[in-house]
1. Just from the alpha-carbon atoms, what are the Rg and Dmax of the protein assembly as shown in angstroms?
2. Over both sides of the B-A contact, add up the buried accessible area with a 1.4 Å probe and give it to the nearest 100 Å².
3. I'd like the antiparallel share, as a percent to the nearest 5, of DSSP beta bridges with both residues in the protein assembly as shown.
4. Of the listed peptides A:34-40, B:53-59, what is their order by residue-averaged count of other C-beta atoms within 10 Å, with the highest listed first?
5. With an 8 Å cut-off on Cα pairs and a minimum separation of 6 or more residues, tell me the relative contact order of chain A in percent.
6. Given a 1.4 Å probe, how much area per residue of chain B is accessible, in Å²?
7. Could you please state how large a percent of the accessible area of the stretch B:7-116 is carbon and sulfur, counting protein chains only and using a 1.4 Å probe?
8. Dipole magnitude of chain A about its Cα centre, charges +1 at Lys/Arg Cβ and -1 at Asp/Glu Cβ only, in debye to the nearest 20?
Amino acid sequence: GNSVTQMEGPVTLSEEAFLTINCTYTATGYPSLFWYVQYPGEGLQLLLKATKADDKGSNKGFEATYRKETTSFHLEKGSVQVSDSAVYFCALSGRNGQNFVFGPGTRLSVLP
Amino acid sequence: GAVVSQHPSRVICKSGTSVKIECRSLDFQATTMFWYRQFPKQSLMLMATSNEGSKATYEQGVEKDKFLINHASLTLSTLTVTSAHPEDSSFYICSARLGQTNTEAFFGQGTRLTVV
């Protein structure tokens, strides 16, 4: 079945540091890929998405590129802020109406 | 984007009582909604898929009689935790999708349930 693997957290960075959170997936066919962010005590918000190979999703300075050859969708940001502290979930959605499959989440803490 | 509203955001109840959580799609019709449970510092666990006008599909290990799901309209699904116990304390999140395939999911803000 489909699955998503994320790098283990927590990740602690200083403000303005470069961020990478690795995400790889296993899926049949051509899934869509997503990054969701969850701030403390809140639900999930869509951060960015990509629906086909080589697409780049971007939002709020975050980027991720759909790499079919490496089955990856790594999240990057050039300069993190304290307000980026949250839990980040990588997810995929299959083409045949399958539900979302989430990765375990990576907790990011950004220190001033 | 589409908005999913979940209510209440927090609830505290006594052991043995039942709690109802509502999930509404505010500006779109959702044929299918999903209910998740999230334990502290863990990922989301799908509990059930709620289909409008029909019975919900529960994931393996989820008690149907304990977690009652009703999806009576295209904009409302409810999850009722019956005879709640402290081990049911958790963060419950619903989501809905605009389409059937490859589309993003929109999430409610979650409900923090504490059973005392």
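1. Final numbers for Rg and Dmax: 17.7, 52 Å.
2. Interface between B and A: roughly 1600 Å².
3. Of those bridges, close to 90 percent are antiparallel.
4. Order by mean packing, descending: A:34-40, B:53-59.
5. 36 percent
6. Solvent-accessible surface per residue comes out at 49 Å².
7. Whole-percent figure for carbon plus sulfur exposure: 51.
8. 380 debye
The values are calculated or read from the model by the stated rules, or taken from the named source; none is laboratory data. Source: prediction; values computed, not measured. Note that we place each Cβ from the backbone using ideal geometry, even for glycine, and neighbour counts take in every protein chain shown. With ligands, DNA and RNA removed, areas are computed over all heavy atoms of the protein, side chains included. Shrake-Rupley method; radii C 1.70, N 1.55, O 1.52, S 1.80 Å.
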